Amino acid sequence: MLKFQFENIDELKALHYNAVEDYVKHLSEDAQDAVYASVIKLKGFEGYDASRNKADYTWLKQFILADLDTMRGWVTNQPDDLLFTEFRVLYGSRFSNGIDNFVDSAGTYNAYTLIEKMNINVCPYCDDEYLDVVKSDDKTRRTSEFDHYFPEGKTKYPALAMCFFNLVLSGQNCNGLKLQKELGASPYDEDIEELTFLYPDLDIGVNMDSVTPDECVVLLHAKGGMVTNEKVLGLKERYANRKGEAYQLLKRKQQFPDEKLDEMLRMGIIDSKEKELDILFGPAYEEGKFKELHQKMKHDLTGY
């Protein structure tokens with residue numbers, strides 16, 4: 001539903017890859033050879049020799065930082081070549097195994113590090129759940145999960161468990177609904193935000209004073225890959241329960257159309273149209289995205 005746009009994407013990729021490389025370099029030579037042999041079976045690695053150059057890890061970087069389309073090609077055409085488990089073990093034992101386990105030997109990088117550096121507070125799959133890191137029983141815990149867009153179960157694609165663009169920081173609700181199911185659209189897809197539109201089940205131009213909040217049911221139109229996401233994650237039912245919030249947004253939009261705000265600005269009643277919109281509707285879409293819930297719904301319903 002929401003597209004990832006990290007200004008520090010190069011930093012995130014470097015942090016992730018460097019930690020994985022450090023881990024691999026500390027494996028035995030035989031273990032490294034086995035991982036290498038598995039990786040170079042994949043499309044795109046045809047230029048690598050059968051024997052590993054022990055000083056060269058470009059193959060590892062190419063694999064760990066593979067883009068979404070490349071991974072889709074592997075999943076579609078070479079699923080049996082994605083059954084090697086070294087990176088699934090790394091994910092479960094070090095990356096996502098509490099705040100005190102680390103991927104790298106220096107003890108600097110794990111899921112908590114990546115969460116902090118990503119600096120997002122809302123689940124991209126649903127825009128309906130906050131992501132928090134909290135203290136509980138004197139332990140640091142998180143209410144989010146790193147979902148594997150391409151599942152990493154033993155019989156699916158365990159090889160992709162540590163591929164950077166396969167890791168989607170998401171809420172526990174979405175993670176629990178998805179499990180090992182496959183979705184159709186990723187927050188790393190360029191067009192994901194255009195594949196969903198939220199709108200009220202009301203007549204066009206209806207006077208909001210004539211309807212009740214219970215009548216303001218939010219409908220969800222999905223297309224492309226978001227059709228699968230909507231079904232797996234139950235997005236239609238979840239947004240149907242946002243009637244009260246949608247009602248308030250639509251009522252304010254009707255009470256304060258652009259023309260009225262422009263007039264209030266000319267009369268000196270308000271100092272700034274932008275400030276007034278912020279008071280009425282919260283931060284603008286791009287500013288509030290990943291910080292406040294339901295920014296996509298607000299944007300689709302009101303244009304702000």
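The values are calculated or read from the model by the stated rules, or taken from the named source; none is laboratory data. Please read all numbers here as calculations on a predicted model, not as lab measurements. So basically every Cβ, Gly included, is an ideal-geometry build from the backbone, and we count neighbours across all protein chains shown.
Does LYS231 qualify as being in contact with a Pro (Cβ under 9 Å, 6 or more places away or on another chain) and either closer than 30 Å to LEU177 by Cα or at pLDDT 95 or above (or both)?
So LYS231 does not fit the description; no.
Which residues, counting only those in the stretch 1-52, are β-branched (Val, Ile, Thr) and in contact with a helix residue (DSSP H, G or I) (Cβ under 7 Å, 6 or more places away or on another chain)?
The answer is VAL20, VAL24, VAL35, VAL39, ILE40.
Can you work out which of the residues in the stretch 147-161 that are out of contact with any Lys or Arg (no Cβ under 8 Å at 6 or more places or on another chain) and crowded, with 22+ Cβ neighbours inside 10 Å is farthest from LYS117 (Cα to Cα)?
Here the residue is TYR157.
Determine if the stretch 45-66 includes at least one residue that is within 30 Å of LEU293 (Cα to Cα), in the same structural domain as PRO158 (by TED's automatic domain parsing) and of a type in the set (D, E, K, R).
No, the stretch 45-66 has no match at all.
Of the residues LEU131, LEU220, LEU202, which is under 21 Å from GLY288 (Cα atoms), surrounded by fewer than 22 Cβ atoms within 10 Å (Cβ to Cβ), assigned by TED's automatic domain parsing to the domain that holds GLU286 and free of Cβ contacts under 8 Å to residues at least 60 places away in the same chain?
Only one candidate passes the filter, namely LEU220.
On the basis of being part of a loop (DSSP other than H, G, I, E, B) and out of contact with any helix residue (DSSP H, G or I) (no Cβ under 6 Å at 6 or more places or on another chain), does LYS135 make the cut?
Against the criterion (part of a loop (DSSP other than H, G, I, E, B) and out of contact with any helix residue (DSSP H, G or I) (no Cβ under 6 Å at 6 or more places or on another chain)), LYS135 does not qualify.
When only residues in the stretch 237-274 that are under 23 Å from CYS126 (Cβ atoms) and hydroxyl-bearing (Ser, Thr, Tyr) count, which is surrounded by the fewest Cβ atoms within 10 Å (Cβ to Cβ)?
TYR247
If GLY171 satisfies all but one of (1) over 30 Å from GLN62 (Cβ atoms); (2) at pLDDT 95 or above; (3) not assigned by TED's automatic domain parsing to the domain that holds ASN110, what's the number of the condition it fails?
(3)
Name the pairs: first residue in the stretch 226-255 and free of Cβ contacts under 8 Å to residues at least 60 places away in the same chain and over 30 Å from PHE150 (Cα atoms), second residue β-branched (Val, Ile, Thr) and part of a helix (DSSP H, G or I), Cβ to Cβ under 7 Å, at least 6 apart or on different chains?
LEU249/THR302; LYS253/THR302
Starting from residues that are surrounded by fewer than 16 Cβ atoms within 10 Å (Cβ to Cβ) and not aliphatic (A, V, I, L, M), keep the ones in the stretch 165-196 and report whichever is farthest from TYR112 (Cα to Cα).
GLU194
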